[in-house]
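S.K.: Submitted below is the structure of interest, expressed as structure tokens.
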Amino acid sequence: MSRVYLSPPDVGEDERAMLLEAFDSNWIAPLGPHVDAFEDEMAARVGVEHAVALSSGTAALHLALLLLGVEAGDDVLVPTLTFVATANAAAYLGARPVLVDCDPDTWQIDPDLVAEELHTRREAGRLPAALVTVDLYGQCADYGRLVPLCEEYGVPLVEDAAEALGATYAGRPAGSFGQAAVFSFNGNKIITTGGGGMLVSGSGELAGAARNLASQAREPVAHYEHARLGFNYRLSNLLAAVGLAQLRGLDRRVARRRAINQRYRAALSGLPGVRFLPVDGGGEPNYWLTCLLIDPEQFGTTREDVRLALEEQDIESRPTWKPLHLQPMFAGTPVVGGPAAAHIFDQGLCLPSGSSLSDPDLDRVVEIVSGLSR
Ligand SMILES: Cc1ncc(COP(=O)(O)O)c(C=O)c1O
């Protein structure tokens, strides 16, 4: 039996054909018709006017914050329960991430804590330069609360939808809530280019500036003219071809991940001490990863023992994100709120969730996890 991975790439003949088409066209550069088509189809899918293909989700976050005016010495509100890239983007600009705890019922950034923090900071005359929300594990943050808060306080919102392509909130696609939003096409995401990202925005000005900064800020003249500091952040046309084929199969991938989630829930949610990442009624996740909490008192063994038992059978699972306020590199960074994210890290496990996972593989996971419970 071959190893079962957490969320491996799900690629096939369509991706291969599109990649060869790009190769044969000789558009082997960080621009070309596949980049254009990938951007157009992403913008249409997300319901946002502009999309800029980039070399990673991290690059997209960096440019989004830069273009929304984040500067050295600013504070940026960021959830503590996320991948490090969310906060790194602020740090690249010399800004200070302020790490906000999550709502234990949704695992998403807690809107009550955001409201309190914005209120206190306005009184003190120190509003943050931006709020970055994360649509964690493929489920949207509570935009019904967060968007009006950002409007009330005049704080730009960047939506880190790296994990959430294909999810919706109140019928609107993930990626359509901020002044800018970002997606990742890293190898473990719901669609992949093997490495890549996309910045989307309703602002043509912001998207145009992102495109320029991503191309070393080259001025539109024949010779090489540069008026400001730029980056080499564009996505290769070859990778865009893979992404385009992947995007066209997104609905199938979401449907498969949803079915995997439902199968796990049906088999495991009755076990003592097991609690799945709650699905918030406000939206429809893309079910990127199926995550659960394992209470060792009730279940009979710890999350880590379950992970190791799966590993022994060559099955990859992962602890949920280690909160950023517990990361050595963010020691001393301000934290807003209580211990919800730390509790999730103590007990949280992400199960194999890739859309290419077979039912017999899923059954093996279920059997091993069930076998460990009281
Ligand atoms: C929430 C979140 N933000 C940002 C990123 C960064 O994306 P990338 O790896 O494409 O730079 C990722 C994943 O990798 C992520 O999960």
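The values are calculated or read from the model by the stated rules, or taken from the named source; none is laboratory data. As the structure is a computational prediction, the values presented were derived from the model and not from experiment. Ideal geometry is used to build each Cβ from the backbone, glycine not excepted, and the neighbour counts take in all protein chains shown. The accessibility values were calculated without ligands, DNA or RNA, using every heavy atom of the protein model including side chains. Shrake-Rupley method; radii C 1.70, N 1.55, O 1.52, S 1.80 Å.
S.K.: For Gly202, are the conditions met, namely being over 30 Å from Cys350 (Cα atoms) and surrounded by fewer than 18 Cβ atoms within 10 Å (Cβ to Cβ)?
M.R.: Yes: the conditions hold for Gly202.
S.K.: Filter the range 138-149 down to residues that are assigned to a helix (DSSP H, G or I) and open to solvent by 10 Å² or more (accessible area, probe 1.4 Å), then give me how many there are.
M.R.: The total comes to 5.
S.K.: Considering only residues of the range 271-307 that are among the β-branched types (Val, Ile, Thr) and open to solvent by 10 Å² or more (accessible area, probe 1.4 Å), which is nearest to the chain's Cα centre (by Cα)?
M.R.: It comes out as Val279.
S.K.: Something else now. Using beta carbons and a limit of 8 Å, which pairs, at least six apart or on different chains, have the first residue in the range 1-30 and farther than 28 Å from Arg318 by Cα and in a loop (DSSP other than H, G, I, E, B) and the second one basic (Lys, Arg) and modelled with pLDDT of 95 or more?
M.R.: Pro30/Arg234
S.K.: Every residue in the range 158-199 that is open to solvent by 10 Å² or more (accessible area, probe 1.4 Å), in a strand (DSSP E or B) and away from the ligand (no atom under 13 Å from the Cβ), please.
M.R.: Thr168, Tyr169, Arg172, Pro173
S.K.: Which of the following residues is touching a residue at least 12 places away in the same chain (Cβ under 8 Å), closer than 21 Å to Leu81 by Cα and within 13 Å of the ligand (Cβ to nearest atom): Val147, Val114, Val132?
M.R.: Checking each option against the conditions leaves just Val132.
S.K.: Go through the range 53-101 and count every residue that is in a helix (DSSP H, G or I), over 15 Å from Met329 (Cα atoms) and either more than 9 Å from the ligand (Cβ to nearest atom) or without any contact (Cβ under 8 Å) to a residue 12 or more places away in the chain (or both).
M.R.: Summing the residues that are in a helix (DSSP H, G or I), over 15 Å from Met329 (Cα atoms) and either more than 9 Å from the ligand (Cβ to nearest atom) or without any contact (Cβ under 8 Å) to a residue 12 or more places away in the chain (or both) in the range 53-101 gives 6.
S.K.: Which one of these is touching a Leu at 6+ places or on another chain (Cβ under 9 Å) and over 19 Å from Asp110 (Cα atoms): Glu311, Glu304?
M.R.: Glu304
S.K.: Continuing with the same structure: Could you list, in sequence order, all residues of the range 44-56 that are hydrophobic (A, V, I, L, M, F, W, C), open to solvent by 10 Å² or more (accessible area, probe 1.4 Å) and touching a strand residue (DSSP E or B) at 6+ places or on another chain (Cβ under 6 Å)?
M.R.: Val48
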